[in-house]
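Quick notes on the structure that follows.
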């Protein structure tokens with residue numbers, strides 16, 4: 001895998017297609033190093049996805065779609081038969097089980113294989129373009145809802161993990177909503193969870209907010225519910241990796257606690273996602289596969305051992321927030337209002 005630090009705009013290099021291969025920003029190196037990955041094989045792409053060099057549900061969907069185009073080119077170079085190509089495409093879709101966008105966009109792009117390589121590339125690039133365009137619509141719809149709910153005053157928003165350009169391309173989902181509020185003069189400050197164990201909030205969200213000139217404060221994950229109880233947040237806004245048909249939401253571990261705190265404090269808990277993250281085939285959160293990741297992500301912090309040797313860890317990457325705790329689900333096309341999110345979503349998914 002070639003790594004080339006020569007290009008200098010990180011947000012234009014989250015996931016791209018250039019000269020027949022994938023160029024991706026290695027998000028494990030941020031914020032201290034800008035490192036581009038030039039991915040030419042399925043093995044390299046699966047590695048980049050599983051170690052979170054590429055991450056965020058919409059970005060994973062784009063990477064998966066481009067990965068199918070990559071696999072078709074590799075098949076041509078190496079003489080794979082149809083069965084081998086199918087196997088390699090399936091490997092891409094299965095690289096991370098919780099984020100529905102990855103598998104969905106892989107399958108959508110793979111349907112074009114029978115029409116030839118050019119059709120596959122066109123299908124993948126269309127998925128990329130859609131991901132970029134819908135994030136702006138999600139952002140504006142969510143900002144409008146929160147601004148109206150808050151009476152137009154500047155809001156303090158609490159967010160978790162990373163849901164901006166790095167995760168979604170375009171404006172982002174939850175962080176896109178925050179960005180839109182900022183542009184409208186309706187944002188006071190942002191409270192950012194560090195997002196253990198891999199610190200996507202500290203490393204990535206704080207970096208993006210800094211690039212945008214948005215006032216923000218980093219906190220320990222465990223402090224979030226208490227700070228919400230103390231009135232430091234007017235709303236919690238998060239993204240999701242999958243929304244079940246009944247409105248249950250799978251998102252980065254630690255989200256459920258924020259939803260409970262928001263309900264107790266009487267503030268909105270808003271989930272901002274593209275329509276592609278809503279999975280009508282999954283009836284409820286209990287059916288969502290929750291990824292468990294390596295133990296050393298917990299016992300070590302940024303590669304440095306923090307726990308005694310031999311300490312075991314349970315490392316769920318995601319949790320599930322029940323629909324009853326979700327105030328609103330915002331997509332590029334729809335807004336599910338308080339008390340109706342689960343019932344409306346389930347009805348429209350039938």
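The values are calculated or read from the model by the stated rules, or taken from the named source; none is laboratory data. Everything numeric here is computed off the predicted structure, so don't read it as measured data. Using ideal geometry, Cβ is built from the backbone for each residue, glycine included, and neighbour counts are taken over all protein chains shown.
Scanning the stretch 37-52 for residues that are surrounded by fewer than 21 Cβ atoms within 10 Å (Cβ to Cβ) and in contact with a strand residue (DSSP E or B) (Cβ under 7 Å, 6 or more places away or on another chain) gives 38, 40. Of all residues in the stretch 299-332, those being within 22 Å of the chain's Cα centre (by Cα) and over 20 Å from residue 250 (Cα atoms) number 2. Residues of the stretch 97-109 that are within 19 Å of residue 317 (Cβ to Cβ) and either touching a strand residue (DSSP E or B) at 6+ places or on another chain (Cβ under 7 Å) or surrounded by fewer than 24 Cβ atoms within 10 Å (Cβ to Cβ) (or both): 97, 98, 99, 100, 103, 104.
Looking at this structure, is residue 36 more than 15 Å from residue 106 (Cα to Cα) and free of Cβ contacts under 8 Å to residues at least 40 places away in the same chain? For residue 36, the condition - more than 15 Å from residue 106 (Cα to Cα) and free of Cβ contacts under 8 Å to residues at least 40 places away in the same chain - is met.
Being touching a helix residue (DSSP H, G or I) at 6+ places or on another chain (Cβ under 6 Å), part of a helix (DSSP H, G or I), free of Cβ contacts under 8 Å to residues at least 40 places away in the same chain and more than 30 Å from residue 127 (Cα to Cα) is a condition met by no residue of the stretch 176-197. Here the condition is being modelled with pLDDT of 95 or more and loosely packed, with under 15 Cβ neighbours inside 10 Å; of 292, 242, it holds for 292 alone.
In this entry, residue 204 passes the filter for residues that are in contact with a helix residue (DSSP H, G or I) (Cβ under 6 Å, 6 or more places away or on another chain) and not in a loop (DSSP other than H, G, I, E, B). Report yes if some residue within the stretch 271-282 is over 30 Å from residue 94 (Cβ atoms) and either over 19 Å from the mean Cα position of the chain (by Cα) or assigned by TED's automatic domain parsing to the domain that holds residue 109 (or both); otherwise report no. No.
Yes or no, residue by residue, for (1) free of Cβ contacts under 8 Å to residues at least 40 places away in the same chain; (2) assigned to a helix (DSSP H, G or I); (3) within 26 Å of residue 172 (Cα to Cα):
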{"site": "72", "(1), (2), (3)": "no, yes, no"}
{"site": "75", "(1), (2), (3)": "yes, yes, no"}
{"site": "80", "(1), (2), (3)": "yes, no, no"}
{"site": "91", "(1), (2), (3)": "no, yes, no"}
{"site": "97", "(1), (2), (3)": "no, no, yes"}
{"site": "125", "(1), (2), (3)": "no, yes, yes"}
{"site": "128", "(1), (2), (3)": "no, yes, yes"}
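If you go through the stretch 104-118 and keep only what is assigned to a helix (DSSP H, G or I), touching a helix residue (DSSP H, G or I) at 6+ places or on another chain (Cβ under 8 Å) and over 11 Å from residue 276 (Cα atoms), you end up with 106, 107, 108, 109, 110, 113, 117. Scan the stretch 245-267 residue by residue and report those that are surrounded by fewer than 24 Cβ atoms within 10 Å (Cβ to Cβ), touching a residue at least 40 places away in the same chain (Cβ under 8 Å) and at positive phi. Scanning the stretch 245-267 gives a single hit, 254. Listed by first and then second residue, the pairs linking a residue in the stretch 198-209 that is outside the structural domain of residue 237 (by TED's automatic domain parsing) and in contact (Cβ under 8 Å) with a residue 60 or more places away in the chain to a residue that is surrounded by fewer than 20 Cβ atoms within 10 Å (Cβ to Cβ) and assigned to a helix (DSSP H, G or I), with Cβ atoms under 7 Å apart and 6 or more places separating them unless they lie on different chains, form an empty list.
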